[in-house]
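Values quoted throughout were computed directly from the atomic coordinates according to the rules given, and no laboratory measurement underlies them. From a predicted model like this one, the values you see are computed outputs, not experimental measurements. All Cβ positions, glycine included, derive from the backbone under ideal geometry; neighbour counts span all protein chains shown.
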Amino acid sequence: MNKQRIAIYPGSFDPIHSGHIDIIKAGSKLFDKVIWAVGANSAKKPMFTVEQRMEMMNLVNKFPNIEIGQFDGLLVRYAEYLEAEYIIRSLRTSNDFEFEFQMTLVNKKLAPELTTIYLPAKQGNIHLSSTLIRELILNHELIDDCVPSEIRDFIRRVKEV
Ligand code: ADP
């Protein structure tokens, strides 16, 4: 039997939005298994706990080959632990590329067997970011255009907005 092609789609996902969901769907078609993983970034103060972010992912995860996960510390070590050979990241604009390419080079140095693939954001999702959504939530504005209804309802419930 051929070896399974396992990928990780890592990020802060604070909160998830339609852009992220589009990428995980694309990843599920490309790989045998994708771990959609929340990285607990100690440098960032999140709006949602890791558990809440994973709950949101579970709400929209309709694919049998996508598993939800979380990690602290280095992504490459988590990838080794999962026996994943691919990292999925996405690019919205050339600004994303600068940062992503640097991360890819660092990860390649730490774990040469890992390959990062970049998937392009959909034209209609390019403006979406978790930062924008957090700003909208803090200002009690509608987020209906940024997230599916189950995520909107979850956010309303936990943030009482
Ligand atoms: P991080 O803090 O690791 O960048 P994010 O949650 O912001 O985490 O993003 C996780 C991944 O999702 C990144 O690869 C990012 O480029 C991608 N992403 C962010 N916004 C969008 C979007 N609007 N459309 C597609 N992909 C996106």
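Descriptive notes on the structure:
- Out of Tyr81, Tyr118, sole residue that is among the hydroxyl-bearing types (Ser, Thr, Tyr), touching a helix residue (DSSP H, G or I) at 6+ places or on another chain (Cβ under 7 Å) and surrounded by fewer than 18 Cβ atoms within 10 Å (Cβ to Cβ): Tyr118
- A single entry from Val60, Val76 fulfils the requirement of being away from the ligand (no atom under 13 Å from the Cβ), over 12 Å from the mean Cα position of the chain (by Cα), more than 18 Å from Glu113 (Cβ to Cβ) and buried (at least 17 other Cβ atoms within 10 Å of the Cβ): Val60.
To keep it simple, each residue is scored yes or no on (1) under 23 Å from Met47 (Cβ atoms); (2) in contact with a strand residue (DSSP E or B) (Cβ under 9 Å, 6 or more places away or on another chain); (3) in a helix (DSSP H, G or I).
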{"site": "Leu119", "(1), (2), (3)": "no, yes, no"}
{"site": "His127", "(1), (2), (3)": "yes, no, no"}
{"site": "Thr131", "(1), (2), (3)": "yes, no, yes"}
{"site": "Arg134", "(1), (2), (3)": "yes, no, yes"}
{"site": "Ile137", "(1), (2), (3)": "yes, no, yes"}
{"site": "His140", "(1), (2), (3)": "yes, no, no"}
{"site": "Val147", "(1), (2), (3)": "yes, no, no"}
{"site": "Phe154", "(1), (2), (3)": "yes, no, yes"}
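- Selection over the stretch 84-114 of residues that are exposed (fewer than 14 other Cβ atoms within 10 Å of the Cβ), outside any helix (DSSP H, G or I) and within 18 Å of the chain's Cα centre (by Cα) gives a count of 1.
- Criterion violated by Arg53 - all others in (1) touching a residue at least 24 places away in the same chain (Cβ under 8 Å); (2) closer than 21 Å to Ile133 by Cβ; (3) more than 12 Å from the ligand (Cβ to nearest atom); (4) of a type in the set (D, E, K, R) satisfied: (3)
- Evaluated against (1) in a helix (DSSP H, G or I); (2) more than 9 Å from the ligand (Cβ to nearest atom); (3) among the β-branched types (Val, Ile, Thr), Ile23 falls short on exactly one condition, (2).
- Cβ-Cβ under 7 Å pairs, at least 6 apart or on other chains, the stretch 109-123 side on the phi < 0 side of the Ramachandran plot, far side among the acidic types (Asp, Glu): Ala111/Glu80; Glu113/Glu85; Leu114/Glu85; Thr115/Glu85; Tyr118/Glu100; Lys122/Asp22
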